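K.L.:
First the structure, then my questions, so here it is.
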Amino acid sequence: MTLLVAGTLLAGCSAQGADGGPSRRTGSSTPTASPEAAAPPSGGSTAAPVFTPDAALVPRTSEDGQRLVDSVVFAPGDWGRGFVVQDPAESTPGTWAVLDDGCRWSRERAPRGVLASLSRYSLLPAAGGKGAVKVTAAATVHSSALGADEQLSTTLEEVLRCPEQQPRADERITGLNSLGTPFGAREQEYADDSVLEAGQYVEKGGAAQLYRWMVARLGTVVVAVSVTGGKGHTAQELQQLGGTALGQMLGRIQQRLKGK
């Protein structure tokens with residue numbers, strides 16, 4: 001599965017270019033989506049789910065959720081030749097990412113309703129005159145589709161609240177813009193809902209780099225990728241890398257949750 005519309009949708013964000021966290025969530029109890037993201041698909045009707053899983057295979061426990069995220073989330077070798085692990089290689093079990101009131105990212109204990117969440121961090125080292133590419137792959141399994149949908153809404157709200165964010169002490173994401181696209185809107189036919197972000201990633205003492213963050217939901221599962229590219233990497237190249245990874249992770253979810 002490839003996301004053919006990813007480039008078009010990201011072009012709709014006033015994209016500039018840095019590294020998002022794993023699963024996105026804040027303590028906000030009333031997340032607000034942008035008007036465009038909240039609009040129903042063309043025709044004004046609610047679209048049917050893009051994929052209906054076998055109810056017997058949908059994760060109901062933390063153990064089930066952990067097995068699913070372990071099998072879905074990209075490891076370095078899944079990204080392509082030359083990718084290696086970052087340090088740390090993956091997130092701490094039982095946690096997920098939270099954006100605080102100061103727009104700083106941290107990992108906190110996953111709340112009730114989140115069965116499992118996993119992020120893996122990979123790197124394509126600088127070579128051949130091109131800068132390094134940093135990528136994150138993440139998946140979060142919720143106990144309900146409503147919880148997963150709220151994560152997408154919160155993702156949109158976070159960009160409005162924090163157009164500049166701090167993933168780590170020596171890193172910043174600036175100039176963030178986002179675009180929400182429910183199933184059926186703008187030819188989006190790969191997920192029940194999706195959010196795309198673009199901005200700039202800046203490490204301490206370094207130059208600004210292109211940044212892409214792509215999030216999609218299938219039922220109770222949210223998957224996401226972030227892609228940050230240094231010198232010599234075009235926006236189109238990064239969009240294709242991220243879109244392909246996201247599409248393949250969505251495909252893995254369908255393979256594991258479809259009935260016989």
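Values quoted throughout were computed directly from the atomic coordinates according to the rules given, and no laboratory measurement underlies them. Quantities reported herein were computed from a predicted structural model and do not represent experimental measurements. Here Cβ is always computed from backbone atoms with ideal geometry, including for glycine, and neighbour counts include all displayed protein chains.
K.L.:
Would you be so kind as to identify which of 176, 191, 235 lies farthest towards the positive end of the dipole of the stretch 166-260, taking Lys and Arg as +1 and Asp and Glu as -1 on Cβ and the Cα centre as origin?
P.N.:
Farthest along the dipole direction, towards plus: 191.
K.L.:
Okay, moving on. Starting from 0.36 nm per residue, how many nanometres of slack lie between residue 254 and residue 63 once their C-alpha separation is accounted for? Please report the intermediate quantities before stating the final value.
P.N.:
Details: separation 191, 0.36 × 191 = 68.76 nm, distance 1.87 nm.
Result: 66.9 nm gained on full extension.
K.L.:
Going by the alpha-carbon gyration tensor, a ≥ b ≥ c the square roots of its eigenvalues, is the stretch 129-172 rounded (a/c under 1.5) or, if a/c is not under 1.5, prolate (a/b greater than b/c) versus oblate?
P.N.:
Details: a/c = 2.98, a/b = 1.64, b/c = 1.81.
Here the stretch 129-172 falls in the oblate category.
K.L.:
Another question, if that's okay. Give the residues of the stretch 160-183 whose amide nitrogen is closer than 11 Å to a point set 7 Å from the Cα of residue 104 in the direction of its Cβ.
P.N.:
Within reach of a label on residue 104, which here means backbone N under 11 Å from a point 7 Å along Cα→Cβ, the stretch 160-183 contributes 166-170.
K.L.:
Moving on to the next point. Per the Debye formula with a single identical scatterer at each Cα and no solvent contribution, what log10 I(q)/I(0) holds for the stretch 44-93 at q = 0.23, 0.25 Å⁻¹?
P.N.:
After summing over all Cα pairs, the log10 values are -0.94, -1.00.
K.L.:
I would also like to ask the following. Using Cβ counts within 10 Å as a stand-in for footprinting exposure, how do 134, 231 rank, fewest first?
P.N.:
Lowest to highest Cβ neighbour count: 231, 134.
K.L.:
Going from the alpha-carbon gyration tensor of the stretch 68-190, what semi-axes, largest first and in whole Å, does one get by taking the root of 5 times each eigenvalue?
P.N.:
On the way: eigenvalues 119, 72, 64 Å².
In descending order the semi-axes read 24, 19, 18 Å.
K.L.:
For the stretch 200-211, just list the computed ³J(HN,Hα) in residue order, Karplus coefficients 6.51, -1.76 and 1.60, θ = phi - 60°, integers in Hz, with x standing in for Gly and Pro.
P.N.:
10, 10, 10, 8, 4, x, x, 7, 5, 10, 5, 9
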